[in-house]
Amino acid sequence: QVQLVESGGGLVQAGGSLRLSCAASGRISNINYMGWYRQAPGKQRELVADITSGGSTNYRNSVKGRFTISRDNTKNTLYLQMNSLKPEDTAVYYCNLDTAFSSYWGQGTQVTVSS
């Protein structure tokens, strides 16, 4: 069974930074990509950024130039460095692991950006 555990969320002022981590454990194979999603109150969950097994990255337009996704394959850990945070970045951030067999989600970590 695959488990994803996110950490690193918190409360930060606008313009500040946070680094999210997602540690994956269990029987993991045939990874297509890993990604970060977020869901704000009353809104649908949306893709923030993802990274393929080959290292190609993709970002939603509103975070380009501010967020950086990366992964450490030796530790099965996914990261999201978030800089220049804005109040509209406030949401619960979820880690996602997509494999050839299934898609897995973490429990989420709250990010709150105050103005």
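Summary of values
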{"item": "Pick from the stretch 54-69, criterion assigned to a loop (DSSP other than H, G, I, E, B) and at negative phi, ranking: least open to solvent (accessible area, probe 1.4 Å)", "result": "Arg66"}
{"item": "Residues (of a type in the set (Ser, Thr, Tyr) and either at pLDDT below 95 or under 17 Å from Ala23 (Cβ atoms) (or both)) located in the stretch 38-92", "result": "Thr52, Ser53, Ser70, Thr74, Thr77, Tyr79"}
{"item": "Verdict on Ile51 being out of contact with any Lys or Arg (no Cβ under 8 Å at 6 or more places or on another chain) and either more than 20 Å from Ser103 (Cβ to Cβ) or of a type in the set (A, V, I, L, M) (or both)", "result": "no"}
{"item": "Residue within the stretch 19-26 that is exposed (fewer than 13 other Cβ atoms within 10 Å of the Cβ), within 18 Å of Ala100 (Cβ to Cβ) and either touching a residue at least 24 places away in the same chain (Cβ under 8 Å) or among the aliphatic types (A, V, I, L, M) (or both) present", "result": "yes"}
{"item": "Those residues of the stretch 27-53 which are outside any strand (DSSP E or B) and either open to solvent by less than 30 Å² (accessible area, probe 1.4 Å) or in contact with a Gly (Cβ under 8 Å, 6 or more places away or on another chain) (or both), in sequence order", "result": "Ala40"}
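The values are calculated or read from the model by the stated rules, or taken from the named source; none is laboratory data. Given the structure is predicted, the values throughout are model-derived calculations rather than measurements. All Cβ positions, glycine included, derive from the backbone under ideal geometry; neighbour counts span all protein chains shown. What goes into the accessible areas is simple: the full protein's heavy atoms, side chains included, and nothing from ligands, DNA or RNA. Shrake-Rupley method; radii C 1.70, N 1.55, O 1.52, S 1.80 Å.
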